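Here the structure is laid out as structure tokens; the discussion comes afterwards.
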Amino acid sequence: MVHITRRERFSAAHKLAHPNWSNEKNHDTFGKCANPNWHGHNYNLWVTVKGEPEPLTGFVVDLSALGDVIKDKVIQHVDHKNLNLDVPFTKHLMTSTENLAIAIWNELENSVIKLGAELHCVKISETENNYVEYFG
Ligand code: NI
């Protein structure tokens, strides 16, 4: 079994705040991400898939095709968008990096199978010091 990873990047706005909490409680809980008038992050997204190398090509998956799937299913929907307002698969969520990783997994899982591989991990960083990994 071989694991192979494609990185894509996107920039998006969001806010972490409960509407029925005070600004102070939201700020205490979510820090800068509670800013009432939104803010953005430059996200890195790593998608790891697994499988056996195909004998004729030596590839687990065509990485260019995997990149196209990630762009089609995820990037075009989130890049330069507001995750809380614009994106069908995140707008009902508290848009933490954790929840984003789960939502992106759900968007990608079936399409990765169609490429002949299996989704292994969705990893996202919101800042350079923190990342989240979801393994399904
Ligand atoms: Ni934030």
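The values are calculated or read from the model by the stated rules, or taken from the named source; none is laboratory data. Note that this is a predicted model, so its numbers are computed, not measured. Cβ atoms come from the backbone with ideal geometry, glycine included; neighbour counts cover every protein chain shown. Only protein heavy atoms, including side chains, enter the accessible area calculation; ligands, DNA and RNA are left aside. Shrake-Rupley method; radii C 1.70, N 1.55, O 1.52, S 1.80 Å.
A few comments on the model shown:
- Residues located in region 43-57, provided they are of a type in the set (Val, Ile, Thr), out of contact with any helix residue (DSSP H, G or I) (no Cβ under 6 Å at 6 or more places or on another chain) and outside any loop (DSSP other than H, G, I, E, B): THR48
Table: residues versus (1) more than 17 Å from ARG7 (Cα to Cα); (2) under 11 Å from the mean Cα position of the chain (by Cα); (3) touching a residue at least 12 places away in the same chain (Cβ under 8 Å).
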| position | (1), (2), (3) |
| --- | --- |
| HIS39 | yes, no, yes |
| THR48 | no, no, yes |
| ILE70 | no, yes, yes |
| GLU109 | no, no, yes |
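- Once region 2-42 is narrowed to residues that are part of a strand (DSSP E or B) and touching a helix residue (DSSP H, G or I) at 6+ places or on another chain (Cβ under 6 Å), the residue that is most open to solvent (accessible area, probe 1.4 Å) is ARG6.
- Counted residues, region 58-101 - those being within 14 Å of the ligand (Cβ to nearest atom) and part of a loop (DSSP other than H, G, I, E, B): 7
- Of all the residues in region 1-33, those that are touching a Leu at 6+ places or on another chain (Cβ under 6 Å), more than 14 Å from THR97 (Cα to Cα) and of a type outside the set (D, E, K, R) number 0.
- Applying the condition of being of a type in the set (Ser, Thr, Tyr) and within 16 Å of LYS15 (Cβ to Cβ) to region 93-126 and asking which residue is surrounded by the most Cβ atoms within 10 Å (Cβ to Cβ) yields THR95.
- Qualifying positions in region 79-92 - open to solvent by 50 Å² or more (accessible area, probe 1.4 Å) and either touching a Ser or Thr at 6+ places or on another chain (Cβ under 7 Å) or under 18 Å from VAL122 (Cα atoms) (or both): ASP79, HIS80
- Within region 105-133, considering residues that are closer than 16 Å to ASN44 by Cβ and out of contact with any Phe, Trp or Tyr (no Cβ under 8 Å at 6 or more places or on another chain), the one nearest to the ligand (Cβ to nearest atom): THR127
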